[in-house]
Amino acid sequence: MFYYAWVGTMKRILLLCMLAFSSCTREDPNYVWLLSLAAGGQTPPSGETSVTVDVSDVTGSPDFLFDTTRTIPVFITVRDPVPQGSGTLVQILDSSSAQELLFQATSNAQGSVEGTFTVNQTTKLVTLRVTIGTDVHTWTINITDVQEIRRFLFVTGEVNMTLVADADSDGVPDSQDAYPLDATRSAIIRVPAQGFYTVAFEDLYPVQGDADFNDYVAEVRYEQDLDASGRVARMRGFVRHIARGAGYRHTLRLTLPTTSSSFHSKLFAANGSLELENETALTSFEGIEVMPNSGTTISSANSAAGEVYAPGKSSEFEVIPATPMALASLGNAPYDLHLHVVNTGYDIHFLGRYLDANGHDQYLDPSGFPWAIMIPGNWSWPLERVNMHTAYPKFQEWYQSAGQAQTDWYLTPAAGKVFSK
């Protein structure tokens with residue numbers, strides 16, 4: 001299939017601006033320029049578009065939840081003359097040389113796009129890329145203090161009608177479609193964009209632990225297949241058990257905001273050979289096991305000085321929800337991944353997900369410390385009975401500054417205080 005990527009006359013977009021957005025009438029030089037063009041009946045040269053951006057980003061500091069990553073909501077509204085149903089392609093990319101895709105969706109009939117993307121706390125710049133017809137417009141956004149990206153894009157001008165290949169007719173050009181023959185999927189988003197996360201738990205909940213965060217350690221990453229609207233049509237997860245410095249046994253579980261779904265999982269031995277494969281239909285995705293009993297998944301504690309690292313088993317799984325999931329409904333990475341402690345029967349979740357009757361986070365101990373933490377990349381966790389403050393000298397300043405200082409504290413361990421693979 002093919003469709004025409006087309007941007008029409010300036011007059012229609014100006015009418016939309018004047019009727020729908022009072023901000024268009026502000027004494028802003030950009031809007032004065034737009035209105036002067038309308039009054040003079042002028043249009044930019046044929047084959048060109050011009051985009052004026054109204055920035056309404058939400059800034060400030062979020063609640064400190066011991067996050068080393070950030071999940072930022074995106075709200076983009078494009079006012080252009082593209083025929084309803086065609087959509088405008090909106091993408092967020094990492095501004096580094098890798099230019100990893102962080103989010104992608106086409107605008108709906110109202111010109112709106114909503115979603116989220118996840119980056120490390122140390123990431124300062126992302127790129128907003130908008131494709132209108134065959135014209136590509138980009139902006140670099142400094143997200144240091146941005147909590148939500150909210151932008152209105154006003155488009156003027158016209159381009160020639162251009163035939164664009166779209167084999168599955170989902171509104172995403174084949175050149176930008178990761179699944180050009182599947183209308184239910186159009187983009188692959190990796191979380192994190194590169195590598196993996198290290199998740200680490202203290203397992204004595206509700207009793208305060210010793211803060212060495214080596215009771216259960218795993219590597220985790222996700223892949224999301226987004227549909228043309230930016231919703232999660234499928235999600236894959238990859239988990240490897242890498243340390244168990246505790247006597248308790250555990251299972252790693254995941255809860256997702258979907259009811260009926262298909263769940264396909266595989267368990268691999270430490271050497272990579274397939275041990276078990278299962279596929280089942282679920283009516284609820286609450287507390288679904290993604291890694292079995294820790295007494296069977298790793299043979300070495302990997303938490304003592306002088307111990308030789310021996311990786312544990314790994315798992316892969318794919319979730320196909322009956323209805324695509326909104327990105328915002330997933331929450332912050334690693335989503336509601338949690339540890340179930342077999343010996344005590346308790347579940348241990350990351351912060352920011354479960355509050356008690358008084359509005360306090362159930363998984364923040366009396367000293368203001370969590371039982372779960374996530375670190376970007378290949379992290380060296382503290383040795384047995386070495387707490388985080390000792391193992392990572394910059395951790396204290398990061399913690400006391402509510403995450404504003406020493407955001408890369410996890411890159412500088414104290415010599416002889418951590419376990420390295």
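The values are calculated or read from the model by the stated rules, or taken from the named source; none is laboratory data. Because the structure is a prediction, the values reported are computed rather than measured. A quick note on method: Cβ atoms are made from the backbone with ideal geometry, for glycine too, and the neighbour counts reach across all protein chains shown.
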Do we have any residue at all in the range 383-400 that's out of contact with any Lys or Arg (no Cβ under 9 Å at 6 or more places or on another chain), under 18 Å from residue 245 (Cα atoms), among the polar types (S, T, N, Q) and not assigned by TED's automatic domain parsing to the domain that holds residue 330?
no
Within the range 401-421, identify whether any single residue is touching a strand residue (DSSP E or B) at 6+ places or on another chain (Cβ under 8 Å), touching a residue at least 60 places away in the same chain (Cβ under 8 Å), among the basic types (Lys, Arg) and not assigned by TED's automatic domain parsing to the domain that holds residue 286, and answer yes or no.
yes
For the range 93-115, give me the residue count where each residue is surrounded by 24 or more Cβ atoms within 10 Å (Cβ to Cβ) and within 17 Å of residue 191 (Cα to Cα).
5
Going through the range 205-228 in order, the residues found to be assigned to a strand (DSSP E or B) and within 19 Å of the chain's Cα centre (by Cα) are 218, 219, 220, 221, 222, 223, 224, 225, 226
Residue 71 vs. criteria part of a strand (DSSP E or B) and modelled with pLDDT under 90:
no
One residue is enough: does the range 56-66 have a residue meeting the conditions touching a Lys or Arg at 6+ places or on another chain (Cβ under 6 Å), surrounded by fewer than 21 Cβ atoms within 10 Å (Cβ to Cβ) and either touching a residue at least 60 places away in the same chain (Cβ under 8 Å) or not assigned by TED's automatic domain parsing to the domain that holds residue 164 (or both)?
yes
Looking at the range 219-231, is at least one residue modelled with pLDDT under 95 and either buried (at least 17 other Cβ atoms within 10 Å of the Cβ) or over 30 Å from residue 265 (Cα atoms) (or both)?
no
Pick from the range 321-371, criterion touching a strand residue (DSSP E or B) at 6+ places or on another chain (Cβ under 8 Å) and of a type in the set (S, T, N, Q), ranking: surrounded by the most Cβ atoms within 10 Å (Cβ to Cβ)
332
What tally of residues in the range 165-182 results from selecting those that are among the β-branched types (Val, Ile, Thr) and surrounded by fewer than 18 Cβ atoms within 10 Å (Cβ to Cβ)?
0
Being of a type outside the set (Val, Ile, Thr), in contact (Cβ under 8 Å) with a residue 60 or more places away in the chain and either in a strand (DSSP E or B) or farther than 28 Å from residue 54 by Cα (or both): is that true of residue 178 here?
no
Out of (1) under 22 Å from residue 220 (Cα atoms); (2) surrounded by fewer than 16 Cβ atoms within 10 Å (Cβ to Cβ); (3) free of Cβ contacts under 8 Å to residues at least 40 places away in the same chain, what's the single condition that is false for residue 377?
(3)
When the residues of the range 166-207 are narrowed to those that are more than 24 Å from residue 92 (Cβ to Cβ) and touching a strand residue (DSSP E or B) at 6+ places or on another chain (Cβ under 8 Å), which ends up modelled with the lowest pLDDT?
169
Search the range 78-102 for residues being in a strand (DSSP E or B) and more than 13 Å from residue 228 (Cβ to Cβ), and hand back the single one that is modelled with the lowest pLDDT.
79
Right, residue 151: of a type in the set (Lys, Arg) and buried (at least 19 other Cβ atoms within 10 Å of the Cβ) or not?
yes
What number goes with the only condition from (1) out of contact with any Leu (no Cβ under 7 Å at 6 or more places or on another chain); (2) closer than 28 Å to residue 71 by Cβ; (3) not assigned by TED's automatic domain parsing to the domain that holds residue 105 that residue 201 does not pass?
(1)
How many of the residues in the range 275-287 are closer than 14 Å to residue 237 by Cβ and in contact with a Lys or Arg (Cβ under 6 Å, 6 or more places away or on another chain)?
0
Flag if residue 316 is over 30 Å from residue 183 (Cβ atoms) and either surrounded by fewer than 17 Cβ atoms within 10 Å (Cβ to Cβ) or modelled with pLDDT of 95 or more (or both)
no
Which residues, taken from the range 238-253, are assigned to a strand (DSSP E or B), buried (at least 23 other Cβ atoms within 10 Å of the Cβ) and of a type outside the set (A, V, I, L, M, F, W, C)?
241, 250
Mind checking which residues of the range 146-160 are of a type outside the set (A, V, I, L, M, F, W, C) and either outside the structural domain of residue 58 (by TED's automatic domain parsing) or at pLDDT below 95 (or both)?
156, 157, 158, 160
I'm trying to understand the selection: among the residues of the range 261-295, which are surrounded by fewer than 13 Cβ atoms within 10 Å (Cβ to Cβ) and of a type in the set (Ser, Thr, Tyr)?
273, 280, 283, 284
